[in-house]
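Chemist: Let me give you the structure first, and then I'll get to my questions.
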Amino acid sequence: MRWGQEPACWAGAGCPACLVPGRDRSSEAGPGGLGRGVAGWGSDWPALCLQRECISVHVGQAGVQIGNACWELFCLEHGIQADGTFGAQASKVHDDDSFTTFFSETGNGKHVPRAVMVDLEPTVVDEVRAGTYRHLFHPEQLITGKEDAANNYARGHYTVGKESIDLVLDRIRKLTDACSGLQGFLIFHSFGGGTGSGFTSLLMERLSLDYGKKSKLEFAIYPAPQVSTAVVEPYNSILTTHTTLEHSDCAFMVDNEAIYDICRRNLDIERPTYTNLNRLISQIVSSITASLRFDGALNVDLTEFQTNLVPYPRIHFPLVTYAPIISAEKAYHEQLSVAEITSSCFEPNSQMVKCDPRHGKYMACCMLYRGDVVPKDVNVAIAAIKTKRTIQFVDWCPTGFKVRVGDVMETGS
């Protein structure tokens with residue numbers, strides 16, 4: 001093996017970390033047509049696969065503001081203070097170092113997010129530089145230009161964005177050099193903004209060139225019909241969707257209208273602010289990435305999302321639902337069963353995007369449970385949903401419910 005060549009994994013070709021995204025899963029269907037999925041293979045793989053870092057890239061106003069909320073929540077969950085050091089209660093919060101997939105540790109014991117925040121104008125990133133978590137991020141990880149893309153895809157991709165792309169890639173390269181086994185990238189952006197659409201598509205093209213088949217997962221804010229900040233949002237969305245289609249492995253989409261409605265209906269917030277929206281989105285991101293940041297019985301890899309949710313490479317836009325979403329006041333007086341939570345996941349009111357899946361069929365379904373959940377209760381809940389026949393699956397690819405149970409409790413505000 002030559003120096004600089006990525007070593008072959010000792011676990012062999014079947015290791016979850018080495019699976020090829022978007023492969024044909026027809027041979028993997030378990031009994032009754034349930035997709036077997038990589039997580040179902042258990043924790044027998046050697047520990048050398050466990051240290052698998054993820055780098056987060058936050059692009060544009062939406063990406064940076066969601067990033068601010070996400071890293072605030074990650075720090076709360078892992079007992080990390082605003083200056084990057086562990087709090088007094090940190091030893092009770094975690095017993096392992098799985099959080100190092102998202103944080104790197106300096107020589108003096110400070111933990112720094114493996115993240116880059118970039119915007120073509122400085123206003124939003126300056127809020128991070130002056131905010132509560134200003135000491136958490138390395139100054140080089142906060143990148144700004146001098147003029148924004150003015151809601152124009154072409155400016156973000158071809159003109160203004162071109163001036164910043166090499167600097168951003170250099171910062172990302174420094175982060176990847178500090179990784180022992182890079183899993184891939186999590187990219188946060190909006191589809192409607194000029195920077196979020198244009199610069200992100202340029203960045204993903206370059207990441208594909210520089211990092212080959214490393215996974216790229218998107219958390220994207222999609223334009224909503226009733227909540228629009230610019231008349232050109234549909235144009236930006238179509239252009240960035242077309243450009244990134246071949247460069248993204250899985251895109252979790254959220255629209256502001258759905259989040260606004262959830263805040264008003266479930267959380268009793270009369271006039272939701274962007275802070276309210278972003279903190280709700282951060283809870284969803286936290287739940288999706290919990291298996292990457294916390295130790296558990298199953299070794300989870302970024303490729304698992306592709307394996308279980310992406311039947312074909314171009315069809316990579318899963319619909320995210322989240323339940324239960326209840327206000328802090330109501331939480332003390334309600335006791336929801338696993339069956340109720342599972343059932344509410346299939347209600348349109350729990351969706352992060354305004355659409356009605358009851359008129360269509362499911363190609364794949366991945367259920368992520370978090371907290372004190374007994375697998376037996378999960379099986380009963382899913383059996384009840386199958387009995388109702390409210391969920392129809394397509395008949396042209398292997399389908400079923402992929403389930404993962406984590407025992408980590410949320411630390412939300």
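Chemist: Around F393, which amide H atoms from residues at least 5 apart in sequence, or from another chain, sit under 5 Å from its own amide H, with H modelled in the peptide plane?
Modeler: When sequence neighbours closer than 5 places are left aside, the close amide H contacts are Y362.
Chemist: Using a cut-off of under 13 Å, list every residue of the range 230-263 whose amide N is near the label point 7 Å from the Cα of S327 along the Cα-to-beta-carbon line.
Modeler: Residues passing the 13 Å test: 263.
Chemist: Of the cross-linked pairs K162/K213; K213/K402; K213/K376, which ones have a Cα-Cα span greater than 32 Å in the structure shown?
Modeler: Values: K162/K213 23 Å; K213/K402 24 Å; K213/K376 37 Å.
Pairs exceeding the cut-off: K213/K376.
Chemist: Under the rule of at least 5 residues apart or a separate chain, name every residue whose amide H is placed under 5 Å from the amide H of C250.
Modeler: K216, E218
Chemist: While we're looking at this one, here's another question. Which of the aspartates and glutamates could a cross-linker bridge to K110, judged by Cα under 18 Å and excluding same-chain residues fewer than eight apart?
Modeler: Once the sequence-local aspartates and glutamates are set aside, what remains near K110 is E53, E72, E77, D83, D95, D96, D97, E140.
Chemist: Now, a different point. Which of the listed residues, T241, Q141, L120, is farthest toward the dipole's positive end in the range 117-256, when Lys, Arg count +1 and Asp, Glu count -1 at the beta-carbon?
Modeler: Highest projection toward the positive end goes to Q141.
Chemist: If you don't mind, there's one more thing I want to ask. Determine, for each peptide in 336-343, 247-254, the mean count of other beta carbons within 10 angstrom over its residues, then list the peptides with the highest first.
Modeler: Details: 336-343: 16.8, 247-254: 21.4.
Result, highest mean first: 247-254, 336-343.
Chemist: Mind checking which aspartates and glutamates have their C-alpha under 19 Å from K354, skipping anything on the same chain fewer than 8 residues away?
Modeler: By straight Cα distance, K354 reaches E218, E233, D255, E257, D261.
Chemist: Note down the magnitude of the dipole of the range 328-406 about its Cα centre, charges +1 on Lys and Arg C-beta and -1 on Asp and Glu C-beta and zero elsewhere, to the nearest 20 debye.
Modeler: Working: 11 positive and 8 negative charges, 64 e Å.
Its charge dipole is roughly 300 debye.
Chemist: So, one more: With a ≥ b ≥ c the root eigenvalues of the C-alpha gyration tensor of the range 50-309, is it rounded (a/c under 1.5), prolate (a/b larger than b/c) or oblate? All intermediate terms of the calculation are to be shown ahead of the outcome.
Modeler: On the way: a/c = 1.45, a/b = 1.24, b/c = 1.16.
In terms of gyration-tensor shape, rounded.
Chemist: Using θ = phi - 60° and the Karplus relation 6.51 cos²θ - 1.76 cosθ + 1.60, list the HN-Hα couplings for the range 282-291 in order, rounded to whole Hz, with x at every Gly or Pro.
Modeler: Each residue's phi maps through the Karplus curve to give 5, 5, 5, 4, 4, 5, 5, 9, 4, 5 Hz.
Chemist: Using 0.36 nm per residue of separation minus the Cα-Cα distance, give me the extension gain between W396 and S344 in nm, one decimal. Provide the component values of the computation, followed by the final result.
Modeler: Values: separation 52, 0.36 × 52 = 18.72 nm, distance 2.69 nm.
Extra length from W396 to S344 when fully extended: 16.0 nm.
Chemist: While we're looking at this one, here's another question. What net charge do the residues around D148 carry, taking every other residue with its C-beta under 11 Å from that of D148, with Lys and Arg at +1 and Asp and Glu at -1? Mind showing how you got there, number by number?
Modeler: Details: positive: K146, R155; negative: D119, E121, E147.
Cβ neighbours under 11 Å give a net charge of -1.
Chemist: Assuming a ≥ b ≥ c are the square roots of the Cα gyration tensor eigenvalues, decide whether the range 179-276 counts as rounded (a/c under 1.5), prolate (otherwise, with a/b larger than b/c) or oblate.
Modeler: Working: a/c = 3.07, a/b = 1.67, b/c = 1.83.
Oblate, since a/c reaches 1.5 and b/c is not below a/b.
Chemist: In terms of modelled amide H atoms, which long-range or inter-chain residues lie less than 5 Å from the amide H of F188?
Modeler: Those qualifying (amide H under 5 Å, at least 5 residues apart or on another chain) are V57, H58, V59, F219.
Chemist: Picking from L277, H58, H78, whose Cα lies most toward the positive end of the charge dipole for the range 50-309 (charges on Cβ: Lys, Arg +1; Asp, Glu -1)?
Modeler: Going by the Cα projections, it comes out as H58.
Chemist: What ranking, highest mean first, results for peptides 191-201, 361-371 when packing means the other Cβ atoms within 10 Å averaged over each residue? Show your work: numbers first, answer last.
Modeler: Details: 191-201: 30.1, 361-371: 17.1.
Averaged packing, sorted descending, gives the order 191-201, 361-371.
Chemist: Ok, one more. Grab the other residues whose beta carbon is less than 10 angstrom from that of S104, score K and R as +1, D and E as -1, and report the net.
Modeler: On the way: positive: K110, R114; negative: E53, E105.
Residues close to S104 contribute a combined charge of 0.
None of the figures in this text is laboratory data; all of them are computed from the coordinates on show. Here the structure is a predicted model, which is why all the values come from computation and not from measurement. Note: ideal-geometry Cβ built from the backbone for every residue, glycine included; neighbour counts use all protein chains shown.
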